[in-house]
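The values are calculated or read from the model by the stated rules, or taken from the named source; none is laboratory data. From a predicted model like this one, the values you see are computed outputs, not experimental measurements. Please note: Cβ atoms are built from the backbone with ideal geometry, for glycine as well, and neighbour counts cover all protein chains shown. Surface accessibility is based on the protein's heavy atoms, side chains included, excluding ligands, DNA and RNA. Shrake-Rupley method; radii C 1.70, N 1.55, O 1.52, S 1.80 Å.
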Amino acid sequence: MKKFVPTFLATHYRFLVLVPLVMLIMPNRGLTHDTRIYVFSILRRLHETQFANDVLAQAGVQSDYTIYPRLVAPLYHVLSPWAASTALLVLGQLIWFAGALALVGKFTRDSTATFYGLLAAILLPATYFGFTVLAYAEPFATPRIFVEGLTFWALWCYFSRAYVTTGVLVALALALHPIMGLVTAGLIVVVLLQEDRRWWWLFTAAVLAGAAAALGGGIVPLDRITARLSGDWLTVVQERAKYLFVSQWPVKDWARILLAVSVLLPLGALARDWQRRLIIAAAVVAAGGLLVAFVGADVSHNVLLSQMQTSRAIWFAYLLGNIGVGIVVVDMYRRSEADGDFFLFAYALAWTVDHVLWPVPGLVIG
């Protein structure tokens, strides 16, 4: 019996330890948050006459731009909304966890570093958005958790040279959640741009073609690309949906996000080849999403860019930073116990000061 725990932890079976941790830290929250919007869209499809005069049905909701309601509607036809949502959450968590395990394992090529990287991702705060609106691996059923899992698998396939499968997974991610899917596609594109300069011409042509379609094609919702929030409309949105405007995010949120993302620096110093390209891609996509959100929502008050919430693009960089804590700690301890102790103490001190006392000194320590 004395040898059971060391033997268990020394093999790949130790990853099973993470399963109950996920269940304890991220328990099923049921029909809450955006799950209600998607459930409404599903029930509207199943019972069209009952919801025909509903204001949301007439105005339209975000779920109208995804295949998710059509895919899962048969499940809601058989099960209750709560049971169907729970089943989808479990499926989404399995895809998410398996994808994260595969990608991080490929990234580190070391089971110990992979284990502690995933452990750090589970234990550290998952909220990557202002006002704690959005988090990775959310404990309720929406397309986001599926797209996050597909992102892991798409990257794993790409770096395994399974390019056709990568394209299929990216297309599925875009169909399930166009905004989150753009992040998946963006990560692949930035990696491609680092590997071969010829992709710059194709990417530039694609951006110009997309801009032309948005401005003159009359495609919904791209036809609102020139519309602006103004007057009472702008006032209401700024009051009711502050999280859309990154300049209004609290300092404590920025400190938490920047502290997590800052771990990409030591992680990048330890990485090589494609791992470093992935880290750069995560940072570029995150910075690009925040810049578009700031210019589009905070500065120009553009309707479409405000609705897109491009600041979601930081989710992968934020998660990779949390994972990086575990990976860097393992690497530091392998170099020397003093290095490991110093890094772990410095990060724990920065995190504690950031979350408990005052964000700015915590960020400086970090």
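Residue pairs whose Cβ atoms lie under 6 Å apart, sitting 6 or more positions apart in sequence or on different chains, and linking a residue in segment 274-301 that is farther than 19 Å from Y158 by Cβ to a partner that is open to solvent by 60 Å² or more (accessible area, probe 1.4 Å) and part of a helix (DSSP H, G or I), are D298/S247. Aliphatic (A, V, I, L, M), outside any helix (DSSP H, G or I), more than 16 Å from the chain's Cα centre (by Cα) and under 18 Å from T132 (Cβ atoms) - does that describe any residue in segment 254-268? So far as segment 254-268 goes, no, none of its residues is aliphatic (A, V, I, L, M), outside any helix (DSSP H, G or I), more than 16 Å from the chain's Cα centre (by Cα) and under 18 Å from T132 (Cβ atoms). When the criteria are applied in full, A346 fails the requirement of being assigned to a helix (DSSP H, G or I), in contact (Cβ under 8 Å) with a residue 12 or more places away in the chain and more than 23 Å from F115 (Cα to Cα).
Residue by residue, here is whether (1) surrounded by fewer than 20 Cβ atoms within 10 Å (Cβ to Cβ); (2) under 24 Å from P27 (Cβ atoms) holds:
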position	(1), (2)
G92	no, yes
D110	yes, no
A135	yes, yes
R144	no, yes
L150	no, yes
V191	no, no
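Within the option set V329, V284, V295, being open to solvent by 30 Å² or more (accessible area, probe 1.4 Å), more than 18 Å from L363 (Cα to Cα), more than 20 Å from the chain's Cα centre (by Cα) and at pLDDT 90 or above holds for one residue only, V295.
Residues that are modelled with pLDDT of 75 or more, under 24 Å from the mean Cα position of the chain (by Cα) and surrounded by 14 or more Cβ atoms within 10 Å (Cβ to Cβ) do not occur anywhere in segment 45-64. Taken over segment 343-363, the criterion of being among the β-branched types (V, I, T) and either crowded, with 19+ Cβ neighbours inside 10 Å or modelled with pLDDT of 80 or more (or both) is satisfied by T352, V353. So in segment 243-257, with the set limited to residues that are crowded, with 16+ Cβ neighbours inside 10 Å and in contact with a Gly (Cβ under 8 Å, 6 or more places away or on another chain), which one is farthest from I179 (Cα to Cα)? Once the filter is applied, the top-ranked residue is A255.
Residues that are in a helix (DSSP H, G or I), in contact with a Phe, Trp or Tyr (Cβ under 9 Å, 6 or more places away or on another chain) and polar (S, T, N, Q) within segment 273-326 comprise Q275, S306, S311, N322, listed in sequence order. Of the listed requirements (1) of a type in the set (A, V, I, L, M); (2) open to solvent by 10 Å² or more (accessible area, probe 1.4 Å); (3) at pLDDT 95 or above, A102 misses just one: (3). Condition check: in a helix (DSSP H, G or I), open to solvent by less than 10 Å² (accessible area, probe 1.4 Å) and modelled with pLDDT under 95. Does G340 satisfy that? It is true that G340 is in a helix (DSSP H, G or I), open to solvent by less than 10 Å² (accessible area, probe 1.4 Å) and modelled with pLDDT under 95.
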